[in-house]
Structure formats: structure tokens, C-alpha cells
Amino acid sequence: QEQREAAIYLLNYLASHPDATISFMASSMILHIHSDASYLTASNARSRVGGHFFLSNSHKQNAPFSGPIHSLVQVIKSVVSSAAEAEIGGLFLNAQEGVPMRN
């Protein structure tokens with residue numbers, strides 16, 4: 001019932017605003033990425049990587065959180081020899097995802 005009402009609300013909105021658009025403008029928002037990895041926690045001696053991407057207008061390390069725009073959860077394909085290597089692999093994978101978003 002609740003989903004039906006939400007769908008009807010959306011359809012009514014779309015019918016009454018046929019020329020609605022979404023506008024994107026440049027702002028002072030900065031992409032922040034929190035990266036983490038766990039060593040030897042996946043099958044076949046592999047490690048897991050996670051990343052949390054969000055926007056904020058602060059350069060500070062503890063920037064105000066504005067809600068996630070992307071999350072990365074992945075198993076590193078190669079076997080790493082230390083927790084430090086897993087963390088570096090996590091940074092690399094998160095940077096690969098983040099660079100296209102930033103540009």
C-alpha cells in the first residue's frame with residue numbers, strides 16, 4: 001500500500017511538471033575517500049578492501065560527513081604478503097574509482 005501511494009505521488013508529480021530538469025553546478029565540494037583493508041580474510045589467502053566516498057567542503061581530516069556518494073567493497077585478486085600491502089592495494093583500488101569521479 002505504501003509503495004503504491006509513493007508510485008502514484010511520483011506519477012502525479014511527473015504529470016504536473018513535464019519540463020522538470022536536473023542542474024549540476026560547480027561548487028567547493030571536495031571528494032573524500034576513507035579506505036580500509038583486512039588481511040587474509042577472504043578465501044585462498046586473499047584480502048578484502050573497502051572504500052567510502054563522500055563530499056565535503058572542508059579540507060580537514062575529520063571533514064563534516066554529507067552522506068555517501070559511492071562505496072567500494074572488493075577482494076584483492078592477488079595474494080599480498082602483509083597487512084601493509086593490503087592497505088596499499090586498498091588505496092590503489094579506491095584511487096582508481098575516485099579519480100574519474102573527481103574529474
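The values are calculated or read from the model by the stated rules, or taken from the named source; none is laboratory data. Since the structure is predicted, the reported quantities are computational estimates derived from the model, not experimental observations. Backbone-built Cβ (ideal geometry, glycine too); neighbour counts: all protein chains shown. Protein only, heavy atoms only, side chains kept; ligands, DNA and RNA dropped before computing areas. Shrake-Rupley method; radii C 1.70, N 1.55, O 1.52, S 1.80 Å.
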Evaluate segment 77-86: report whether one residue or more is part of a helix (DSSP H, G or I), open to solvent by less than 50 Å² (accessible area, probe 1.4 Å) and in contact (Cβ under 8 Å) with a residue 24 or more places away in the chain. yes
Contacts under 8 angstrom Cβ, first residue in segment 15-42 being within 30 Å of Ser82 (Cβ to Cβ) and open to solvent by 60 Å² or more (accessible area, probe 1.4 Å), partner of a type in the set (Val, Ile, Thr) and in a strand (DSSP E or B), 6 or more apart: Asp36/Val49
Verdict on Pro64 being open to solvent by 70 Å² or more (accessible area, probe 1.4 Å), part of a loop (DSSP other than H, G, I, E, B) and at pLDDT 80 or above: no
Flagged in segment 45-61 as surrounded by 13 or more Cβ atoms within 10 Å (Cβ to Cβ) and either among the β-branched types (Val, Ile, Thr) or on the phi > 0 side of the Ramachandran plot (or both), in numbering order, are Val49
Restricting to segment 1-38, and then to whatever is assigned to a strand (DSSP E or B) and at pLDDT 90 or above, can you tell me which residue is nearest to Ala95 (Cα to Cα)? Ser35
